[in-house]
Each structure stands twice: as structure tokens, then as C-alpha cells.
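Visitor: Sharing a structure, written as C-alpha cells. Questions coming.
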Amino acid sequence: MVEVSNTIRFLLNGEEVALTDVAPDLTLLDWLRLERRLRGSKEGCAEGDCGACTVLVGRVAGDEIIYDSVTACIRFVASLHGTHVVTVEHLRGENGALHPVQQAMVDYHGSQCGFCTPGFVMSLYGLWMRDPHPSRPAIEKALQGNLCRCTGYAPIIRAAEAMSQYGAPQGDVLWAERIAVKDKVRAIFDGRRVEIGEGANKIFIPANLDDFAEIYAAHPEARIVAGSTDVGLWVTKFMRAIGPVIFTGHLQELKRIAENNSEVRLYAGVTYSEALPVIEAGFPQLKELWNRFAGEQVRNMGTIGGNIANGSPIGDTPPPFIALGAKLHLRQGSHRREIKLEDFFIDYGKQDRRPGEFVESVTLPLLPAGEKFATYKISKRREEDISALCGAFRVFVNDVGRVGMVRIAFGGMAATPKRAKAVEAALDGKRWTMDTIEAALPAFAEDFQPITDMRASKEYRLLAAQNLLKRFFLETQGQGERLKREVA
Ligand SMILES: Cc1cc2nc3c(=O)[nH]c(=O)nc-3n(C[C@H](O)[C@H](O)[C@H](O)COP(=O)(O)OP(=O)(O)OC[C@H]3O[C@@H](n4cnc5c(N)ncnc54)[C@H](O)[C@@H]3O)c2cc1C
Ligand code: FES
Ligand code: FES
């Protein structure tokens, strides 16, 4: 039985914060602006899209303190236990001057109305600290989650390219504070669970993974909150009550990544940013998809486990993971079970999860030699947008040119992420030719009866899915570069 504390503790800029009375749905942005009167961080969209509320959150990982850009509008205060929150008010240059990043924005005319500017400054500040001389792609990636409606992006990018001329991170306040901050933040995790509030206002911050399993088994009515990039919007957009809540984003055991020569196992709390290196190495075909998940801030918060557990028909990890033959590991108290990921999704909003059971990890088999694999995301906007549909294709063509194995899975085409079994059957054992592909296209209508919504019409979805199969075929024939040139 672990000991229990009743205080959420973290650092805010240079100050230590201790809170004993917090609502589970209090967002960091509201707390900063309304309670702490720190109004540099702005509210543009309140749904993680525009980046006007960007702050940095420092967390201890191994021997380091790592600062991630996050959107304060959908991050809950209670999830900050054991972190260092850095807002735009903390930035300063020498002798009262502007910070180098701010000065570069001024000199390169990176701001007009100024509403988005604190958010851009914080994203650039995070980039400058880890990569003082960023390349153009690195700048664009860091700014994917920041929108500006009046300046345009060219001056902001020029400011980003110039910021290192104004100063080096070694002279920055966070550099100087780093060791002291790390020790203070680490000391907050003293082996105790945090419990605050009662009934629907109850907050649990488990001491460790076993403690989480125990709490959830005893309180299956509680809501798990990992990165809050889905749950945050239930609060800010749908005004839903979410308590009681178990916060899990701090659990190091849920951030493990285990690899061997046949599979990669991602624990549920691994964020998109944390998974990127292993995805690039083990599944390079998913690199583009990964960089099109949301923007940088949401990738720093959102977890693999949250994407799967949420069960959304347009979540982007299930289609490729199902095509890869992923296994899902579920845990309830000390009892564990393993299922195929595709069997987890039963119906819209219904997953194969028992009361008090949570997603502990997902295992992705590495691709055997000779197999072809690709995933395509179709969305209205290239970046920072949810899929209208997402299709994953995997095929093995044998020595005699016939399909020896095929797996196809789609999101956005049905009430759940789903395999295209009729299409697979139409391809299996056939010659891998365009004639076979054309003959298999009608089978899409057997597998899927998509809906029309704001993202796409049902006709568009069906046609796009068929065309993605053709594209996949052409790419397996070495015509990928030609297709890219023609689209460009
Ligand atoms: C601006 C923006 C852009 C986005 N873009 C994309 C995108 O491009 N593609 C995409 O797929 N998604 C996108 N999302 C959605 C979201 O980021 C992902 O679904 C994310 O992976 C959710 O993870 P999370 O940790 O934030 O989940 P949370 O919001 O914390 O939780 C989501 C759900 O999962 C449950 N849950 C969390 N962890 C577990 C667990 N271990 N076991 C059981 N249940 C659990 C929670 O109780 C909740 O029901 C976007 C969101 C935003 C705000
Ligand atoms: S206010 Fe738009 S991302 Fe937070
Ligand atoms: S400067 Fe006005 S929105 Fe960016």
C-alpha cells in the first residue's frame, strides 16, 4: 500500500507551486490567465489547433530535463505534478533586454496584431534550446502547430533562421537553472500517490504503474487522462464533466519502448514525439504519417495508448498498426491479456475493454524482408488536420508474381478502424498486376459503406480508397517518384 499525499506540486517559471484544491478539468491556460494573471499565453481556439497558448513543460527523463512545447488550453493543471512550466513571461535577455528569440521576431517583422506571437515565440524558444541553428524543415516542423492569420509565415521563418545570431542557449535563464530545476522536479516524485477532492472532483495521480492498475481496478468509473489531447476537447468544446480522473502522463513505466529483432513494443504512455525515432528506424514507411499527426505541441502530449483506447474511427495509428498485425496488451489489476488490435474495435464508441482494464502496450511486428508496406493519410489540410480517411496497405508478392499475403486496413471508412477483407480476398493468390487491382476495386463497396460528413462525402471516400490501392500498386512497381512529380 503506497502512502498518499494531498498536494499537486510543480514549478511555474521561478516559483514553486503547491495546490491542494484543484478541479480535474481546470486547464493550464485558464489557471495561468485567470488565477495567476499571466496573460502572455493567449486563447485562440481552445482546442489545441492554433498554438497561441503554447508554453514549455519540462520533465525529467533519465538524467536530463526535457522541455516540450505544449498547448496550455487542453492541458490540465493536475497533469503538471512533477514538471516545470515555462511561460512567455519567463523569457528575458541580458540587462532587461528582450530575449534573443523575441528580438529576432521584432527585427524580422514576425508580428503584426501580435495575438499569435507569444505562442510562436515559445515554440521557437523550445526549438532554439535544443537546436540553435535549425534547418528550414526543422523550423517548419516546430511551427506546424502555430497559426498566424495576419503576418504570414515567411517573416517568422526568417526570424527563426536568424535567432541564433542574437544569443546562444548557454546564456539563457533555463540553461543556468537547469540542474537546480531538475533536482527540484525529481524530488517531487517521492514515491507517494496524490489524491485530491471527492466524488466527481476526485483526482488520482498514481505513484507508479502498479498503483495505477490498483486504483483503476478499484475505481473503474474513473476517466484515464494521458496526454489529454482528446479529453481536453471534451471539456473545452463539449463542456463535459470528466471526473473522477486518473492522470497517467507522468508514469515512466508507461513510456517504455522495447525492441528486439522481430518486434517493437510501445507502452501506452509513449507520445508521438517519443516514438518518432523508433518509428523512423523500424517503420520508415510511417515517417510521413507521423509528421502529419497534429502539430508539434500535440505530438509532444498525445500518446499511442490514448489514440488506440479512444477508439475513434479516424485515429491514425490503428490502420497501419492493424495492417502490421499489431497485438494489444490489456491489464486489469494484476491480470493481463493479449488480443489482436483489430479485434479491439467492436463498434462506434465500443471497444473490447472490461471495467477497470486499461491499455498497457502495443506490439508491432517488424516487416519480414520482401514485404511492401505503405500508409496514406487524406486530409483537407496537409498538416495539423484529422484524416478524412487513412489507408494502410501491406503485400508480399512471391517469386512467381502472385500475392502471397495481403493486409489492408482503413480509418474513416466505417464506424471503427477496419480491415478490407473483401478487397484482400479479391487480391489474395492473384497476379500482382493492374488488371488484378482493377478487378478488386468493386470489393471496396462490400467492405465499406462510408458516411458523408464535414471531412468528405461518402462517394469521395470510396473513390479515394480505391485510388489509394492503385497508388500503392504503382509505388510497388517503382513509380512512386513519377506519381509525386505529377501531383506536385
Ligand atoms: C489539434 C489536434 C490535432 C490532432 N490530430 C490528430 C491526428 O492527426 N491524428 C490522430 O489520430 N489524432 C489526432 N488528434 C487526436 C489525439 O491527439 C490523439 O487521439 C491522441 O493520440 C490521444 O492521446 P492522449 O494521450 O492525448 O489521450 P487522452 O486525451 O488523454 O485520452 C483519450 C482517451 O483514451 C483513454 N486512455 C488514455 N490512455 C489510456 C490507456 N492507457 N488505457 C485505456 N484508456 C486510455 C482516455 O480515458 C480517453 O478516453 C489530434 C488532437 C488535437 C487536439
Ligand atoms: S488556444 Fe489554440 S491551441 Fe490553445
Ligand atoms: S500576428 Fe496577427 S495572428 Fe499572427
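Visitor: In the chain, with Lys and Arg counted as +1 and Asp and Glu as -1 at Cβ, which of these residues, 279, 20, 305, has the Cα nearest the positive end of the dipole, that is, farthest along it?
Guide: Most positive-ward Cα: 279.
Visitor: Moving on to the next point. Tell me the angle of helix 153-162 to the major Cα principal axis of the chain, expressed in degrees between 0 and 90 and rounded to the nearest ten.
Guide: 60 degrees
Visitor: For the chain, what is the Kirkwood hydrodynamic radius in Å, using each pair of distinct C-alpha atoms? Intermediate results must be reported in sequence, preceding the final value.
Guide: On the way: mean 1/r = 0.0420 Å⁻¹.
Result for the chain, one decimal place: 23.8 Å.
Visitor: Ranked highest first by the average count of other Cβ atoms within 10 Å around their residues, in what order do 305-312, 364-371 fall?
Guide: Values: 305-312: 22.1, 364-371: 13.8.
My ranking of the peptides, most packed first, is 305-312, 364-371.
Visitor: Roughly how many whole Å is it from the C-alpha centroid of the range 268-327 to that of the range 221-264?
Guide: The range 268-327 and the range 221-264 have Cα centres separated by 14 Å.
Visitor: If you don't mind, there's one more thing I want to ask. With θ set to phi - 60°, apply the Karplus curve 6.51 cos²θ - 1.76 cosθ + 1.60 along the range 329-335 and write out the HN-Hα couplings as whole Hz, x wherever there is a Gly or Pro.
Guide: 10, 10, 9, 9, x, 9, 8
Visitor: What number comes out for accessible area per residue over the chain if the probe is 1.4 Å? Units Å², please.
Guide: Values: 21000 Å² over 488 residues.
It amounts to 43 Å² per residue over the chain.
Visitor: Now for a separate question. Mind listing the long-range amide H neighbours of residue 55? Cut-off is under 5 Å, sequence gap 5 or more, other chains count too, H placed in the peptide plane at 1.01 Å from N.
Guide: 70, 72
Visitor: Just how far, in whole angstrom, is the range 368-407 from the range 440-482 if you go by their alpha carbon centroids?
Guide: When both Cα centres are located, 11 Å separates them.
Visitor: Based on DSSP, what percent of beta bridges with both residues in the chain are antiparallel, to the nearest 5?
Guide: Working: 61 of 70 bridges.
The antiparallel fraction comes to roughly 85 percent.
Visitor: Also, I was wondering about something else. Between helix 173-188 and the chain, what is the angle of the helix's C-alpha long axis to the longest principal axis, kept within 0 to 90° and rounded to the nearest 10?
Guide: 80 degrees
Visitor: Check residue 40: other-chain or 5+ apart residues with amide H under 5 Å from its amide H, H built from backbone geometry?
Guide: Those lying under 5 Å, H to H, from residue 40: there are none.
Visitor: Do the sum for the chain: with -39,500 (n - 2.57) for every DSSP H run of n ≥ 4, divided by all residues, what is the mean residue ellipticity at 222 nm, to the nearest 500 deg cm²/dmol?
Guide: Values: 18 runs with 157 residues, N = 488.
For the chain, the value works out to -9000 deg cm²/dmol.
Visitor: Among 153-161, 444-452, what's the highest-first ranking by average C-beta atoms within 10 angstrom per residue?
Guide: Result, highest mean first: 153-161, 444-452.
Visitor: Here's another thing I want to ask about it. Order 130-138, 377-385, 239-247 from most to least packed using the mean count of other Cβ atoms within 10 Å.
Guide: Values: 130-138: 12.6, 377-385: 16.0, 239-247: 17.7.
By packing density, highest mean first, the sequence is 239-247, 377-385, 130-138.
Visitor: Once the convex hull of the alpha carbons of the range 5-47 is built, what does its volume come to per residue, in cubic angstrom? Walk me through the numbers on the way to the answer.
Guide: Numbers: hull volume 3.7 nm³, N = 43.
Once divided by residue count, the hull of the range 5-47 is 87 Å³.
Visitor: OK, next. Aspartates and glutamates near residue 377 by alpha-carbon distance under 16 Å, same-chain residues fewer than 8 away left out - which ones?
Guide: 288, 316, 385, 475
Visitor: Show me, for the range 452-457, the HN-Hα J-couplings you get by feeding each phi into the Karplus relation (A = 6.51, B = -1.76, C = 1.60, θ = phi - 60°), rounded to Hz, glycine and proline as x.
Guide: These are the phi-based 3J(HN,Hα) values: 9, 8, 5, 8, 5, 7 Hz.
Visitor: Quick check on my link table: of 141/237; 237/327; 372/418; 350/372, which ones sit more than 28 Å apart, alpha carbon to alpha carbon?
Guide: Working: 141/237 26 Å; 237/327 33 Å; 372/418 20 Å; 350/372 32 Å.
With Cα atoms farther than 28 Å apart: 237/327; 350/372.
Visitor: If one computes the Cα centroid of the range 18-67 and of the range 79-135, what distance in Å separates the two points?
Guide: Cα centres, the range 18-67 to the range 79-135: 15 Å.
Visitor: Over the range 1-109, what percent of the accessible surface lies on carbon and sulfur atoms, probe 1.4 Å? Can you show the working numbers first?
Guide: Details: 1960 of 4500 Å².
The value for the range 1-109 is 44 percent carbon and sulfur by accessible area.
Visitor: What percentage of the solvent-accessible surface of the range 342-488, computed with a 1.4 Å probe over protein heavy atoms, is contributed by carbon and sulfur atoms?
Guide: On the way: 3760 of 7210 Å².
Accessible surface attributable to carbon and sulfur in the range 342-488 totals 52 percent.
Visitor: Could you give the Stokes-Einstein D for the range 122-165 in µm² per second, using the C-alpha Kirkwood radius, 25 °C, 0.890 mPa s? Could the numbers behind the result be given before it?
Guide: Numbers: Rh = 10.5 Å.
Here the translational diffusion coefficient equals 234 µm²/s.
Visitor: Now for a separate question. Can you work out ³J(HN,Hα) from phi for every residue in the range 479-486, in order, using Karplus 6.51 cos²θ - 1.76 cosθ + 1.60 and θ = phi - 60°, giving whole Hz and x for Gly and Pro?
Guide: My calculation for the range 479-486 gives 9, x, 5, 4, 4, 4, 4, 5 Hz in order.
The values are calculated or read from the model by the stated rules, or taken from the named source; none is laboratory data. This structure is a prediction, so every number in the text was calculated from the model and none was measured. Here Cβ is always computed from backbone atoms with ideal geometry, including for glycine, and neighbour counts include all displayed protein chains. Heavy atoms of the whole protein, side chains included, go into the accessibility calculation; ligands, DNA and RNA do not. Shrake-Rupley method; radii C 1.70, N 1.55, O 1.52, S 1.80 Å.
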